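Remarks on the structure that follows.
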Amino acid sequence: MAAGRERRTAAETLPARVRMHWHRVRVGLRRSAVDYFRGDGSDWIALAGLLLTVPLIAAATLANPVWCSPAALVLPIVAGGLLLRPASLLGLYAASATALIVESVQLGPYTEGPARVTPGVVLVVAACGFFGLLIAQFRSRVGVPWRRGGTMLFDLRERIRTQSRLPKLPRGWHHEMALRPAGGQSFSGDFVVAARTGGGGRTLEVVLTDVSGKGMDAGSRALLLSGAFGGLLGSLPPHAFLPAANGYLLRQDWDEGFATSIHLVLDLDSGDYELYSAGHPPGLQLSAGSGRWEEKAAEGPLLGVYDGAQFDPVKGVLRPGDVLMLFTDGLVETSDRDIVEGIDRLTGEADRYVAAGFRGAAWHLIEAVAKDVNDDRALLLICREGPTAQSS
């Protein structure tokens, strides 16, 4: 008991209480900062900081208007448009207008010398304030501050990439995939979902989909569809997947509610496969025996066009050394090149990798065939390695 009283006495000393209070302050500030940058906290910290910069800028302008122009007041205004809510932004505007009036009175009429508050400076500051208010009102309607908006976009992009990863294949199989959004953007209307299904994961199911639109415009719909298709894949028999996906798109009632899709069902033991298509470009199979590419075109309409659509598969088998190539139309079809010519060019470039193997070939094929195409491009290679490759 005596030891316990000593510990309590030590804890109640002034240095201990100071450390405890300082710890609480740090924890509170850290939580407030986290909430603020997530977009959940108040913007009073940013407002206070910007309000302090207004008199500082005004004082610098009065001290040396040549080096600190009266137009420098646009700096806190622009920052406020990005950081503050509309109500707080009006308070910042009032402070900036007051500072501009004080500068105008102290510096004198603009006709008496340079570095004065001219009508042009007033118009520039007012225009920046107007556009900043528009931006703040837009963010307020959306409900996502700019601090959180970038994080959300990054998270959406990473989710699409994660869902597009192919599962690990057993020995003797190899896959290559490359996705290239239009215009160098981070979001694409092309996506892949894949899973190993069946007993012991002996079946590989891959769905390559091209959503109508491209880039950022199609990215949000691609994310929604990739989540839905990933849930359907493996939960339904292969022949029921595309009809279910078609019904899902019809229920969305989008203005641009269609998509093309190709569904591969591959037996990893025997190499037998079925290929279902919904208005998608045909698959291409390289036969190791003949060294020729053969089109594998299944029958089926676009997804999201009409109900009750039928999707008839085409069957094949991948023997050791064979390669199956799936792609979206952005890779082979442009405004000045039809799909037949594009497929010929793609297979011609792919022939260069037959002897050395297709490891790392997907990205290079897109670079060679459709590097500057303003459309989303996706390429998937499924390779069954021959005895030489397996032994190495």
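Couple of notes before you dig in:
- Residue pairs meeting the criteria (Cβ under 6 Å; at least 6 apart or on separate chains; first in contact (Cβ under 8 Å) with a residue 60 or more places away in the chain, in the range 74-87; second of a type in the set (Phe, Trp, Tyr)): Leu82/Trp146
- Scope the range 122-138; condition in contact with a Pro (Cβ under 8 Å, 6 or more places away or on another chain) and surrounded by fewer than 21 Cβ atoms within 10 Å (Cβ to Cβ); matching residues: Leu133, Gln137
- Of all residues making up the range 54-70, the number that are in a helix (DSSP H, G or I) and surrounded by fewer than 19 Cβ atoms within 10 Å (Cβ to Cβ): 6
- For the range 333-355, the condition of being touching a Lys or Arg at 6+ places or on another chain (Cβ under 8 Å), exposed (fewer than 14 other Cβ atoms within 10 Å of the Cβ), over 26 Å from Pro167 (Cβ atoms) and among the small types (Gly, Ala, Ser) holds for none of the residues.
- Matching residues, the range 97-122, being assigned to a helix (DSSP H, G or I) and either at pLDDT below 85 or closer than 14 Å to Ser69 by Cβ (or both): Ala99, Leu100, Glu103, Ser104, Leu107, Tyr110, Thr111, Glu112, Gly120, Val121, Val122
- The range 98-116 residues that are within 16 Å of Ala63 (Cβ to Cβ), paired with ones that are surrounded by fewer than 16 Cβ atoms within 10 Å (Cβ to Cβ) and at pLDDT 90 or above (beta carbon under 7 Å, 6 or more apart): Ala99/Pro55
- Filter pass, Glu294 being open to solvent by 10 Å² or more (accessible area, probe 1.4 Å), assigned to a strand (DSSP E or B) and free of Cβ contacts under 8 Å to residues at least 40 places away in the same chain: yes
- Just one of the listed residues (Gly227, Gly213, Gly234) is on the phi > 0 side of the Ramachandran plot and either more than 23 Å from the chain's Cα centre (by Cα) or assigned to a helix (DSSP H, G or I) (or both), and it is Gly234.
- Residue in the range 239-261 that is out of contact with any Lys or Arg (no Cβ under 7 Å at 6 or more places or on another chain), in a strand (DSSP E or B), of a type in the set (Val, Ile, Thr) and within 20 Å of Gly172 (Cβ to Cβ) present: no
The values are calculated or read from the model by the stated rules, or taken from the named source; none is laboratory data. For clarity, every value in this text was computed on a predicted model and none was experimentally measured. A quick note on method: Cβ atoms are made from the backbone with ideal geometry, for glycine too, and the neighbour counts reach across all protein chains shown. The area values use the complete protein model at the heavy-atom level, side chains included, leaving out ligands, DNA and RNA. Shrake-Rupley method; radii C 1.70, N 1.55, O 1.52, S 1.80 Å.
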